[in-house]
Every structure is written in C-alpha cells, then in structure tokens.
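The block underneath contains the structure these notes are about, expressed in structure tokens.
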Amino acid sequence: MRTPRTARRGSAARWIVRGGTTPRAPRRGSAALMVAATGLATAACGLGGEADAGSILHKRSLVVGVKEDQPSLGLKRPDGTYEGFDVDVAKYVVAKLGVPESRITFRTTPSSERETALASGKVDLIFATYSITAQRKTKVSFGGPYYVPHQDTLIRASDDSIKSVRDLKGKRLCAVKGSNSWKRVIEERKIAARTVDAANYGDCLTKLLGDQVDAISTDDVILAGFAAGRPLKIINAPFTDEKYGIGLKKGDLAACEAVNRAVTQMYQEGKAEAFLKKWFGTSGLRITTSVPQFEGCT
C-alpha cells in the first residue's frame, strides 16, 4: 500500500491505494443528503436489522431449555441425556435452524425459571410444556404453538369421588410453583380446592402416590406420561385448551418466524404425527395431527 497523498488545500483528502482510488469526500452540499440517508438506515435497523444481528439465528450452537421430570415429554435419563416429545420436537426445529444435534445443549429449566433463563441468555430456546399466555407474552416471544393439549385431572385409580373439575372442591390439589394449571382451577373456575405446594410435577407425582394430595390437574399429555404403569387414572374431563409455545428471548422476531416455518414443515412432513404416536400412541389420548394455528410473532 502506498502512503496516502494529501490533496490541495481546500479540497477533501484523497487516498490512493493499489488497485484503485476511493471516492472524493462529499461536498458540503451533499452532506445533508448523507445524513438523511444515514437516518433512514438507522430507522430500518430499528425495524429489524438490530434485532436480527442479535438473533439466535446467527449462533452455531444453541442451549435448549427442557423439563427433566415429565415422562414422555421431557425426562432426564440416568446417563444425563434427555428424551420425550418436547425433546424430539426441539431437535427437529433446531436442525431446521441450521444447528445439528451435536451442537445442542439441553438444560433443565423448571417452570419458575423459564422467563429469567431466556432473558439472561442461560438458554436460547425453551421447549418445556410452555403454555402461551397473554401475561407471558409481555416477557417472552413465542413461536408456535407446536401442539395444543387440554387440561385434565389425574387421581389415584381407587378414587371414585372425582369425576370432573368441579369435584375438586375441598380436595387437596397439587400446585407447582411457576405453573398456571392449578390457578385455572382455583382462580378461573372458582373452585375452592386446597392447594399443596410442590417444586415440580415430579414432586406432585410423589405426593399423589403418597396420599399427600388428591389430584394433579394439568395438561393431558403430562398426565398421560405420569399415569403409565402406575395405579393412577385420568378422569377424561378436559376443560381448557393449552398452547405449547417455543420460548424465545423477547424481541427475537426473526427466530420466531423461522421456528414457525420449521413447525409447519414438521407437520407437513408427518414428523409431528410420528413423534406424537411414538410417545403417546398407547396412552389412549386423542392426538391432533394438523398444524396448530400460530399466535403470531410479537
């Protein structure tokens, strides 16, 4: 490279380099046009450019938050790996984002920690029976839903006193910290059940089997996993629709749109149906194999 040669006084400096010459500095009259153009470019970045630059779509590896205590959905094996419907969906969607399974790190993310885990960057996405709600959408961007189960109630097989959600009045209902399921019984349905706190749904299962609670009320796919091979039964009286969303850091709209495309492909290719039959085919649950209606990225 040659040493830059300064132009005559009163004119802009000119830089001469091997292979060509850079344009002259703009005259004062055109400076205003440049400022205006820069302002337009900055505004355009604010509509998506800046968000895209910080999107998880630029990452070569991703951390995915899942549950560790929900059979058939998100369960941690003794060897430290994870299995379940949510895990299979996560692997499929993340692969469509260009990240192979070998570069996915799964991390246990309890219900009470999901929003803070995303905001802090502890996880990049969450596939953990994460129901989309208006309140949560103020803190999190949601892709999907990737499945829409229904809330039902799990009781001991010997109990014939609970046949519908109304029969939970006066009963001991398990209440998981950070979950909305028990609130739908107490606050939305106005049923005066007696809540018993639990750290997670695995804890609820232990309490139900140990006669410390009378019922667990949450999504039917969660209950189906718990009931398998145990002296428990689902009362088959659903009373809500739940929308399982893919949790993303608030504002990552590019990633949200990308995961929605991936979920659509998952259903179109028959992968969603295969995953559902793999994990719930023998449970007796009525599964849905059509693409759910997306919430829209906000």
For this session: Report, in debye and to the nearest 20, how large the dipole of segment 150-241 comes out about its Cα centre when Lys and Arg carry +1 and Asp and Glu carry -1 on their Cβ.
Result: 260
Seminar exercise, completed: Using alpha carbon centers only, segment 128-156 is separated from segment 195-242 by a whole-angstrom value of 16
Problem set entry | Cα Rg, Dmax (largest Cα-Cα span) when computed across segment 77-125, Å | 11.6, 30
For this session: First select every other residue whose beta carbon is under 10 angstrom from the beta carbon of G170; then total the charges, Lys and Arg +1, Asp and Glu -1.
Result: +2
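Taking a temperature of 37 °C and a viscosity of 0.692 mPa s, what whole-number D in µm²/s does Stokes-Einstein yield for segment 129-234 with Rh from Kirkwood over alpha carbon pairs?
Numbers: Rh = 14.3 Å.
For these conditions, the coefficient is 230 µm²/s.
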Exercise. Leaving out same-chain residues fewer than 8 places away, which lysines sit with a Cα under 18 Å from that of K76?
Worked result: K67, K91, K278
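Values in this text are rule-based calculations from the coordinates and carry no lab data. Everything numeric here is computed off the predicted structure, so don't read it as measured data. Neighbour counts are summed over all protein chains in view; Cβ atoms, including those assigned to glycine, are modelled from backbone coordinates with ideal geometry.
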